[in-house]
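This report concerns only the one structure given below.
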Amino acid sequence: MSMNSNIVEIVKKAFVSQLRKNYEVRDDESKKIFLSKIVEKYPINGATMIEEINRLNPKLVVDLGCGLNQYKGLIKNLIGVDVVGCREDIVADITDLKEHFKDHTVDVVLALGSINFGEDDLIELQLKELKRLLKPGGVAYFRANQNDHDKDHKGDLRYYDWSKDLVEHWATRLGFEIIGEVILAQGSARIRDRMDSNFVGQRRSNIRLFWKWRAL
């Protein structure tokens, strides 16, 4: 098994572990509330982003690493992709989606906490696949952990060292335009983390980097 495949498996195990504790045990009404809280946790990725995307009238939106697919039904023509096997529309590794999507056919991509693990080689593979999906002029929305996120790390899963400089580096290298500012912000609605602390840092920051890229 390659290092990248190993990371995908660890991410899956970490997410599934918390999924069973925090989502699957709930009744239907409680599940709806839980999903809405995930959407609201980071206001930048909440109602304002949803309205902004829907105003584009997109024909196809792909949520890479969609988790519980909480934007399904909120964003037009959205397809959620993940490896977990819970609420996603497509179960697949986001490094290679050629079986599911043709080149340059997607209007908007969400990568909200998904292109967030491993080292440069895995990040580059995932970002290149995102670029392949997007139409020229298509927009990608990102959320990632800042680079001091897991100083107390004790598990097998490492976060990528995202920073504003690296956002600029990868945009330049892969042919993206940064839209607006790269924002550092804290989540407001506190809900249980969806990653098991046995796999990642135990006392992790709630601060994230947020940015948008346009494909050139």
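Any read-out appearing in this document is the output of simple, stated calculations on the displayed coordinates, not a laboratory observation. Nothing here was measured: the structure is a model prediction, and the numbers come from that model. Note that each Cβ is placed from the backbone with ideal geometry, even for glycine, and that neighbours are counted across all protein chains shown.
Of the numbered conditions (1) within 26 Å of ASN206 (Cβ to Cβ); (2) of a type in the set (A, V, I, L, M); (3) free of Cβ contacts under 8 Å to residues at least 60 places away in the same chain, ILE90 satisfies every one except a single condition; which is it? Status for ILE90: all satisfied but (1).
Within region 128-140, which residues are in a strand (DSSP E or B) and either more than 16 Å from the chain's Cα centre (by Cα) or over 14 Å from LEU60 (Cα atoms) (or both)? LYS135, PRO136, GLY137, GLY138, listed by residue number.
For region 99-122, the set of residues classified as within 20 Å of ILE183 (Cα to Cα) and either out of contact with any helix residue (DSSP H, G or I) (no Cβ under 6 Å at 6 or more places or on another chain) or part of a helix (DSSP H, G or I) (or both) consists of LEU110, ALA111, GLY113, SER114, ASN116, listed by residue number.
Among the criteria (1) of a type in the set (Val, Ile, Thr); (2) farther than 23 Å from LYS41 by Cα; (3) over 14 Å from the mean Cα position of the chain (by Cα), the one VAL167 does not fulfil is (2). If you scan region 18-36, which residues turn out to be in a helix (DSSP H, G or I), loosely packed, with under 14 Cβ neighbours inside 10 Å and of a type outside the set (S, T, N, Q)? Matches in region 18-36: ARG20, LYS21, ASP28, GLU29, LYS32, ILE33. Look at VAL39 and say whether it is under 17 Å from VAL109 (Cβ atoms), in contact (Cβ under 8 Å) with a residue 24 or more places away in the chain and surrounded by 12 or more Cβ atoms within 10 Å (Cβ to Cβ). Answer is no for this residue.
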